[in-house]
Structures are given as C-alpha cells and as structure tokens.
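The values are calculated or read from the model by the stated rules, or taken from the named source; none is laboratory data. Keep in mind that this is a model prediction, so the values were computed, not measured. Heads up, the Cβs are rebuilt from the backbone with ideal geometry, glycines too, and the neighbour counts pull from every protein chain shown.
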Amino acid sequence: MFSVSRVLLTAVMLATTSAAVAQTELPPIPPAVEESYAKLAAHSEVAAVLAALKGAGARMFEEQVRINEIPAPPFKEQLRAEYYLKKMREAGLPGAYIDKEGNVIGVRAGTGKGPRLVVSAHLDTVFPEGTDVKVREKDGRYYAPGIYDDALGLTNLLTVLETLSKSNIKTVGDIIFVGTVGEEELGDLRGVKALFRDIKDIDGFISLDGVGLGRIVNHATGSHRYLATFKGPGGHSFSAFGLPSAIHAMGRAVAKIGDLVPPADPKTTFTVGTVNGGTSVNAIAATSTIGIDIRSNGNAALIEFEKKVLTALQDAVNEENARWKSDKISVEIKQVGDRPAGVTPIDSPIIHAARAAMPRVGAQVRSITASSTDSNLPMSLGIPAITLSSSGTGGGSHSPGEWYSPVNNHIGAQNVFLLALALTGMEGVTAPVLAKRPAR
C-alpha cells in the first residue's frame, strides 16, 4: 500500500483552479435558500461535521482504493455490493439491505415530516470481467479503471453517512443512501429503474458521478440502443453467387445511417458502434449484426430520429433483396437500451440549493450541463434530480488509463453533506428546501 501522506502531498502539488461559470443567465438564488445555509453554518453540530470531513481526506482515499480493487463489471456487481452493504451497516444503518436488482439501500430516517431524498453512486464499472483494477501510482497520479467512475462517488457517499451517523444531527426528511447497479454500458439504468419502481415516495435525487467538483447535471441526455441482426441464406462465394448477403445488407444500412443528419438543437447524435458477422472470407454471409447508439437531449427529437434509423435498416434490406431479385434477407431489430431524456428546470429548488452550497465549501459552479447518468430516470418522471461530480482531479474516464489525484478530496463530501442537510432540513434549525411531492 502506498503512503497516504505522500498521496496528499502530491495532491496539493497537483492542485488546479477553475474559473467560475458566468452567473448572468442564472436566476437569483432565493433568499430563503441562502438563509437556510446561514442558519446551518452557524450551528455547532454542522460545523463539527464539516471539520470532521475536512480531516477525512486520507481515510477517504484509502477507502476509495479498497472499493476500486473489488471488481464490479457490468451485471456482476455482487462482490462490491456485499462489501458496500457491510460498510453501510457499520456506518450507522444496520437495516441496510440489497434489493432484488442488486442495489444497496440504507435509510437514515428523519422526523417523518419531511421529504425523502436519495443520495446515490453507482457500484458498477464499464470494464469487462477480468480487467485489472489494482491501483498504481505514477508521477503523483493514481491509475486504475474505475478509480473515479465511480469508486470516488461511492466513497463520498459512504463518508458522509459515516460522519453524519456520529453526529447529533436529526434531519426533518429521510436521506436514502443507495449504491446502484447497472448504470454503465448495457446495464440500461436497471438499478435506478428498480429503485423508483419499488419506492414510490422519493421526492428528490442526487447522483454522485465523475470528478471535478463544480459540474451540475440538470439535463438528461436520453439514449436508445439497438442490435440489428441481418439474416440470409448464406452460401459459397463462388458456387452460390447470386444469393443476397447479410453483410452486404448491413453495409447498405451503415451507409444509410451514416448519411442521416440529426438536429443540432436539441443536440442529437448517433453512431454504429459495433459490427460483426460472417464465417469466412469465401462465404456469402448468413448473419451480421450492428450495434447502434442514438442520443438526444430531447425525447421528441430522440424518437423522431430513431424512426429514421429504423427506416434505414429496412430500406437496406429491401435494396439488398432487390439487387439479387430475392426475398431471403431480413432484419431482426432488438432494443437493448432505453435511457429516457428529461430536465430539472434551472429554477428548481434542488438546483438553487446546489448552487448555494458550493461556495460555502470553497468550490465554484463551473457548469450546468447535460449528460447521461442515473439521474435520467427521475428527471424523466418529473422528480427533482441532479448529478454532481466529486472533488479531486482526474482523467481518462472509461479507459484503462483512468487516473485520479485526491486534490482536496474532502470538499466533495462536505458539499454533499451540506446540500443533503439543506434539502431535507435540520430539526429545530431549518425547514427542508426540497418539497414533498403529492402522494402517488
């Protein structure tokens, strides 16, 4: 194990600053929100938690390494989930449990008179089974697949829970701590979909994902993913020449999709990300498959462009059959991903509270932007939701060269603590900024 003191010394040397985002286009933060934070800042219990979190940086990084070195490839998060459940119970939630989908869930109950807020991070990584996830240091950076996506978010969540449990703070609303499964790759948000299917009274949602404190995601980029499998008779390239080819049909489809022009606003994108098929260089292909990703910041635009892609697939089949005067080529289209788009309005109380929290821990709002995260699902349901990055520096997300340096890594935990406390309210001190939604 590397030296923690060396880690933190290196972190300070690597520290960088970011300019604040221009605030002119943002609505003013309501006085009531600012007043809530002023009351919290003046309370001795709150100050004690913030001080404890400030001194937790070394311990946090050690925990981040431990979490990261437990493999959690797509659909195989169980080992990490079991460890996280153990840590959540030790941190003050003995009733924490793993649900049927594999999420780790623990509820820190409030007085019962306030909203229910989820604070989450995802357990899974994008990397396949067998990936080496051991953390290695080089030139002051700490390299490992998944080191900040999302071992960092998981660590921040756990640290806030541990520190809050040692305090005498009682919230008005409940805080539901969740480690989700299925956020990455073809997991298709299965964890957060199950969460909202099973728990009907969630009033707000925060996802911790990524590095670089100061980013607020309030716009959910939706995505639809498909596997299109072309099927034909197959045959010998010479003796059966004249039969249609599944690969030729696939090629026509890729070309047609590549020529499509998506709208610029809302931003809409597409790619044919995978291709495979055929059995031999001297065989007419009987099968071939492409993987297609379509994304948009608007649900209507996503659906409209999706129609054009699906039409291109069928047109390619028709053209390949017509070329050889055949009806032997067909296409089987299977949807393998559905991440809904959505938005949390810029004047939502959860965004006001997030903007007001950051300066109080020495951070700045750098961007309010769109992305595809666990927050997609609650945003699509009209539930106030945001995704926040944690503090530190890093790069290489979703690559074997992903790296992290724990630059002031405690600040992210302080930020989440203050924000969660403001949203759920502190008994006898502040009312919740987050409103309870009507009974569902």
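Here are the numbers:
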quantity	calculated
Any chance R66 is surrounded by fewer than 22 Cβ atoms within 10 Å (Cβ to Cβ), free of Cβ contacts under 8 Å to residues at least 24 places away in the same chain and closer than 19 Å to I175 by Cβ	no
All positions within the range 276-304 that are closer than 30 Å to G242 by Cβ and surrounded by 14 or more Cβ atoms within 10 Å (Cβ to Cβ)	G277, G278, A283, I284, A285, A286, T287, S288, T289, I290, G291, I292
Cβ-Cβ under 6 Å pairs, at least 6 apart or on other chains, the range 376-393 side under 19 Å from D338 (Cβ atoms) and in the same structural domain as D188 (by TED's automatic domain parsing), far side assigned to a strand (DSSP E or B) and of a type in the set (D, E)	T387/D209
The range 222-245, subset surrounded by fewer than 24 Cβ atoms within 10 Å (Cβ to Cβ) and among the polar types (S, T, N, Q), residue farthest from T287 (Cα to Cα)	S223
Which listed residue, of A312, A354, A316, is modelled with pLDDT of 95 or more, crowded, with 19+ Cβ neighbours inside 10 Å and within 30 Å of A38 (Cβ to Cβ)	A354
Single condition L388 does not satisfy, out of (1) surrounded by fewer than 22 Cβ atoms within 10 Å (Cβ to Cβ); (2) at pLDDT 95 or above	(1)
Some residue of the range 128-145 being within 20 Å of G210 (Cβ to Cβ), β-branched (V, I, T) and surrounded by 24 or more Cβ atoms within 10 Å (Cβ to Cβ)	no
Search result, residues across the range 292-323 that are in contact (Cβ under 8 Å) with a residue 60 or more places away in the chain and touching a Ser or Thr at 6+ places or on another chain (Cβ under 6 Å)	D293, R295, S296, N297, L302
Members of the range 82-100 that are small (G, A, S) and either over 19 Å from I175 (Cβ atoms) or not assigned by TED's automatic domain parsing to the domain that holds M60 (or both)	none
Residue in the range 324-335 that is within 30 Å of V119 (Cα to Cα) and in contact (Cβ under 8 Å) with a residue 12 or more places away in the chain present	yes
Filter result for G425 (crowded, with 23+ Cβ neighbours inside 10 Å and under 19 Å from L164 (Cβ atoms))	yes
The range 255-274, residues that are closer than 29 Å to S237 by Cα, surrounded by 14 or more Cβ atoms within 10 Å (Cβ to Cβ) and free of Cβ contacts under 8 Å to residues at least 40 places away in the same chain	V272
Considering residues of the range 106-152 that are in a loop (DSSP other than H, G, I, E, B) and acidic (D, E) only, the residue farthest from the chain's Cα centre (by Cα)	D139
Within the range 163-184, considering residues that are surrounded by fewer than 21 Cβ atoms within 10 Å (Cβ to Cβ), touching an Asp or Glu at 6+ places or on another chain (Cβ under 8 Å) and not basic (K, R), the one farthest from S371 (Cα to Cα)	N168
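Conditions tested, residue by residue: (1) among the aliphatic types (A, V, I, L, M); (2) over 31 Å from the mean Cα position of the chain (by Cα).
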{"residue": "P244", "(1), (2)": "no, yes"}
{"residue": "I247", "(1), (2)": "yes, yes"}
{"residue": "T269", "(1), (2)": "no, no"}
{"residue": "G277", "(1), (2)": "no, yes"}
{"residue": "I292", "(1), (2)": "yes, no"}
{"residue": "S296", "(1), (2)": "no, no"}
